[in-house]
1. Could you give each residue of the stretch 51-59 its phi-based ³J(HN,Hα) in whole Hz, using Karplus coefficients 6.51, -1.76, 1.60 with θ = phi - 60°, and x for Gly or Pro?
2. For a quick check of your reading of the filter: which GluC sites (Glu not before Pro) in the stretch 94-190 sit in a DSSP loop and have no more than 13 other Cβ atoms within 10 Å?
3. Starting from the Kirkwood radius over alpha-carbon pairs of the stretch 48-190, derive D by Stokes-Einstein at 10 °C in a medium of 1.306 mPa s and give it in µm² s⁻¹.
4. Tell me which chymotrypsin sites (Phe, Trp or Tyr not before Pro) from the stretch 71-169 have a DSSP coil assignment and no more than 13 other beta carbons within 10 Å of their own.
5. In the stretch 35-91, what GluC sites (Glu not before Pro) fall in a loop by DSSP, with at most 14 other Cβ atoms inside 10 Å?
6. What is the stretch 76-164's relative contact order, in percent, from Cα pairs under 8 angstrom and six or more apart in sequence?
Amino acid sequence: MMPYAFAKDLGEAETRYEGAPSGIDPSLTEDMIDSEGPPMTVDEFKAAKQVYFERCAGCHGVLRKGATGKPLTTDITRARGSVYLKTFITFGSPAGMPNWGSSGEMTEAEVDLMARYLQHEPPQPPEWGMEEMRGSWQLVVAPEDRPSKKMNAYDVDNIFSVTLRDAGQVALIDGDSKEIINIVDTGYAV
């Protein structure tokens, strides 16, 4: 696999700017190298897939249908073409897309690799059905040990949550005081 300068642990500010990695293990996805995108070897596709999951999926979504970032589906990326994609990846945008190339985070070859990768269908994540969910479930507090009455003074109808996506957390906020009640570690979910 190609070494990437940005495949490193990021500080809080860098993570906020560059985004968080996907919670899905890229090796478990089904690769979709097809003849309609620019030529890529299997090794190039795997390297680009890893980069996408680490640096792009947090904003553009695992299936590239968009989230905080715009969609990168093949009907869009193929119509725009490699030159457009390379320019956008290199210089970013005022709307929040990082300037991966001009910042030195990616080389010209890596920018080219990602532009070609985006013109192929996205890898399909593995199914995660009820059987897998039940198999991963862990009992934390037994039913008989759970509180039988309200244990706080919060108005439970006026609590809201904010997803701290890049930190892998959810903040629970009291709607009356606007104070943070708790921050729950959730892991990454894209």
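What follows draws every value from the coordinates through simple rules; no lab data is involved. Treat the numbers as computed from the prediction; the structure is a model and nothing was measured. All Cβ positions, glycine included, derive from the backbone under ideal geometry; neighbour counts span all protein chains shown.
1. Those phi angles translate into 4, 4, 5, 7, 10, 10, 4, x, 9 Hz.
2. Numbers: sites: Glu105, Glu108, Glu110, Glu127, Glu131, Glu132, Glu144, Glu179; in loops: Glu105, Glu127, Glu179.
Those satisfying the criteria are Glu127, Glu179.
3. Taking Rh from Cα pairs, D becomes 86 µm²/s.
4. Values: sites: Tyr84, Phe88, Phe91, Trp100, Tyr117, Trp128, Trp137, Tyr154, Phe160; in loops: Trp100, Trp128, Trp137, Tyr154.
Hits after loop and neighbour filter: Trp128, Trp137.
5. Glu36
6. 19 percent
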